[in-house]
């Protein structure tokens, strides 16, 4: 949770509007391909692990030693997967907005390109899956645990995804103070951008590390004492009599 303000204070970039062709080209870079493959494999493996833990819960029961050995991972998994998938919607949403802005400024009409529909469908799909998996976690465990874990993954992965997609990490200087460049959109001599100094390769990993430490601490939180007998089982609302 601390990484978001750290990033805002130490990572200030110019607001560059990309053309439709430039945005589509960013999706075809090797860096984004590796990032997308990593996210896809992470989600697929996580879903297989969740399925295995759900099966162990059904077979052994919530209080069996075999299930209790993986309980913390089971509780952690739904919020983590929801945050990882949901963070991709930020990238697709930003791309969609930039496509609309480019069209409004007289650029290429993005609706004529099939890739634009893939991006829009991906945005809707990731939001839907985010809500579904987060609700799966909320139906089983405390919101005070699920929401912070979800938010931590959402922030962390969205920052990494944006850095990879827009190649922002390539401008980092390792442990050195540097001046940020003038905004690419500045077209007049009077357009200025306040110079800012930052030790990016120190502050950014520090923010990421704080997020990871917070997630690890949350994953160790014990909330089972008050819920013995229904660990991992979806909670059902019953009508008041």
Handout entry: residue 37-residue 213 FRET efficiency (beta carbon distance; Förster radius 30 Å; 0.05 resolution)
Key = 0.65
Problem - Simple spin-label estimate for residue 203 and residue 59 in nanometres, 7 Å along Cα-Cβ - result: 5.1 nm
Fill in the blank from the handout: Applying the gyration tensor rule to the Cα atoms of region 15-172 (axes a ≥ b ≥ c; rounded if a/c under 1.5, else prolate if a/b exceeds b/c, else oblate), the class is prolate
Exercise for the section: Tell me the label-point distance for the pair residue 169, residue 30, using the 7 Å Cα-to-Cβ offset, in nm and rounded to one decimal. Expected result: 1.4 nm
Practice task
Using the number of other C-beta atoms within 10 angstrom as an exposure proxy, rank 57, 111 with the fewest first.
Solution key: 111, 57
Completion exercise
The alpha-carbon center of region 33-57 and that of region 73-142 are separated, in whole Å, by 18 Å
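Throughout, read-outs are computed from the coordinates displayed, never taken from laboratory work. In this text the structure is predicted, and so the values were computed from the model without any measurement. Note: ideal-geometry Cβ built from the backbone for every residue, glycine included; neighbour counts use all protein chains shown.
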